[in-house]
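Worksheet: one structure, shown below.
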Amino acid sequence: MEIKSGTSTILTNRQKYWLEHFRICKVAGSNYSDYARSHGLNINTFHSMINRLRRLGVVERPPGKTVKLFKKISVQKKVSSFSEVRLCLPNGVCIEFSSHFESTTLPALLQSAAQIK
């Protein structure tokens with residue numbers, strides 16, 4: 001995880017406080033929980049502030065880490081004679097399937113459909 005340089009974000013004193021702890025933790029090579037515990041910091045607050053600094057663009061995510069976001073989908077009742085379920089994703093892709101559909105393949109199918117532009 002890197003600290004972005006040259007950011008023009010103005011931080012509050014509280015954010016600067018947690019950013020400094022983050023920097024020290026990173027230099028020490030500690031994990032967040034051990035660092036927080038050894039410095040008497042609230043672990044949940046430490047994690048929360050790191051995430052807030054990420055959203056502000058001050059702290060970058062580690063390479064290779066993906067952000068999983070929830071996507072709104074709509075579930076509709078039977079819309080044709082061959083399907084019992086229809087899921088429409090925000091990108092406009094709709095998936096129709098019967099109740100006999102193998103449910104273990106649904107997550108991969110939804111993920112693939114969500115990537116269609």
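The values are calculated or read from the model by the stated rules, or taken from the named source; none is laboratory data. Note that the coordinates shown come from a computational prediction; the quantities given were computed from them, not determined experimentally. Backbone-built Cβ (ideal geometry, glycine too); neighbour counts: all protein chains shown.
With the requirement that a residue be of a type in the set (Phe, Trp, Tyr) and at pLDDT below 75, what does region 74-117 give you? The answer is Phe82, Phe101. Within region 18-36, no residue satisfies the criterion of being surrounded by 13 or more Cβ atoms within 10 Å (Cβ to Cβ) and over 20 Å from Arg61 (Cβ atoms). Looking across region 89-103 at every residue that is part of a loop (DSSP other than H, G, I, E, B) and in contact with an Asp or Glu (Cβ under 8 Å, 6 or more places away or on another chain), the one that is surrounded by the fewest Cβ atoms within 10 Å (Cβ to Cβ) is identified as Ser99.
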